[in-house]
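Below is one structure, written out as structure tokens; the observations come after it.
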Amino acid sequence: MTRQKRANVSPMLLAFGKQLRRYREAKGLSQEAAGQRVPVTGQYVGLVEKGKSRCTREFAATMDHELEAGGTLLALWDDLVKSPAWPTWFDWHAIEGEALMLVSYSLSLVHGLLQTPEYAAAMLKGDRDAVEARMSRQQILMREDPPPPDCVFLIDSCALHREVGSPEIMRGQLQHLIALIEKGVPIQVVPSEGTHMGNMGSFTLATLEDLQEVVYVETAARGFTMADPEDLVAFRKALQEIQACALPVRQSIDELARTVEKWK
């Protein structure tokens, strides 16, 4: 099936993006050149201009100053871009939805695209808006048009044994992972033994339609998207080491089934 552009772009974000593009073009700057003023990637500026990503207020303020918009972009951000559903720094959901391929490694927690509502609620301390936003992201795994991204989810076995919420929630979460594998979602368990670069933390590598790659890394304070070539090389190397340690999918199902018994 031919991939098509999604139609579910927020008209408010699109309105902001059009104004940003108008001011950028009036200054004769490319997306890449404008992004260097922040700094962010040109790809990110493009996502904002197309209404496919919410930008931070800091981004709007910098662009307003650099493009000499006289406060217009900042006022538009306050009117159009604010939303309680996503943190203002979280541009990743737009990149995630546009990706052709996602390869993820989760060290201590189950990846957000694979979480049950109960697991997510325990992680997000019952914040309904945040839980609903996380659940809405999962639609990309089963959508038909455009086709879902090709995914590989690598989960360290630490995440299977770390209690989130309650034993009942953990049991349901692991059973959900098994069900997803049976639906064709590739999930592989990475044994905790051994040394590899993934021990430094969780991350996801996205390959976009133009074959550009972007990495998302979470920290205690916030998440970061990165596209610097040197960073990408490091994360690709880490993935090679992690995948070399991962159990095949069938053995991963067996490992998940055994761990379910622990939570009874």
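Observations, loosely collected:
- Distances between placed amide hydrogens fall under 5 Å for residue 151 paired with 102, all partners being 5 or more residues away or on another chain.
- In Hz, Karplus ³J(HN,Hα) per residue of region 245-256 (6.51, -1.76, 1.60; θ = phi - 60°; x = Gly, Pro): 8, 6, 6, x, 4, 4, 5, 5, 4, 4, 5, 5
- Set of region 192-208 residues, backbone N closer than 19 Å to the point 7 Å along the Cα-Cβ line of residue 240: 195-201, 203-207
- Note, ³J(HN,Hα) from phi for region 110-115, Karplus 6.51, -1.76, 1.60, rounded to Hz, x at Gly and Pro: 5, 4, x, 5, 10, 7
- Here region 11-81 has an Rg and Dmax of 10.3, 26 Å, counting Cα atoms alone.
- Highest GNM mean-square fluctuation among 33, 246, 206, for the chain modelled with Cα contacts below 10 Å: 33.
- Given charges at beta-carbon only (K, R positive; D, E negative), |dipole| of the chain in Debye: 460
- Calculated FRET efficiency for the pair residue 228/residue 179, C-beta based, R₀ 41 Å, to 0.05: 0.65
- For residue 189, the residues whose modelled amide H falls within less than 5 Å of its own, excluding neighbours fewer than 5 places apart on the same chain, are 155, 247, 252.
- Helix axis angle, 11-26 relative to the chain longest principal axis, alpha carbon, degrees: 50
- Karplus-derived 3J(HN,Hα), 6.51/-1.76/1.60, for each residue of region 121-131, Hz, glycine and proline x: 4, 5, 5, 9, 6, x, 5, 4, 4, 5, 5
- Within the listed set 17, 198, 165, the residue fluctuating most in the Gaussian network model of the chain (springs between alpha-carbon atoms under 10 angstrom) is 165.
- Along the chain, longest interval not containing exposed GluC sites (Glu not before Pro), exposed being DSSP loop plus at most 14 other Cβ atoms within 10 Å: 69-143
- Size of region 107-264 from its Cα atoms: along the principal axes, largest to smallest, the extents are 45, 38, 34 Å.
- For residue 51, nonlocal amide neighbours, meaning residues 5 or more places apart or on other chains whose placed amide H falls under 5 Å from its own, are 17.
- Expressed to the nearest 5 percent, the antiparallel share of DSSP beta bridges inside region 95-206 is 30 percent.
- Degrees, to the nearest 10: 167-182 long Cα axis against longest axis of the chain: 80
Readers should treat all values here as calculations from the given coordinates under stated rules, not as data from a laboratory. As the structure is a computational prediction, the values presented were derived from the model and not from experiment. Reconstructed Cβ throughout: ideal geometry from the backbone, glycine too, with neighbour counts over all protein chains shown.
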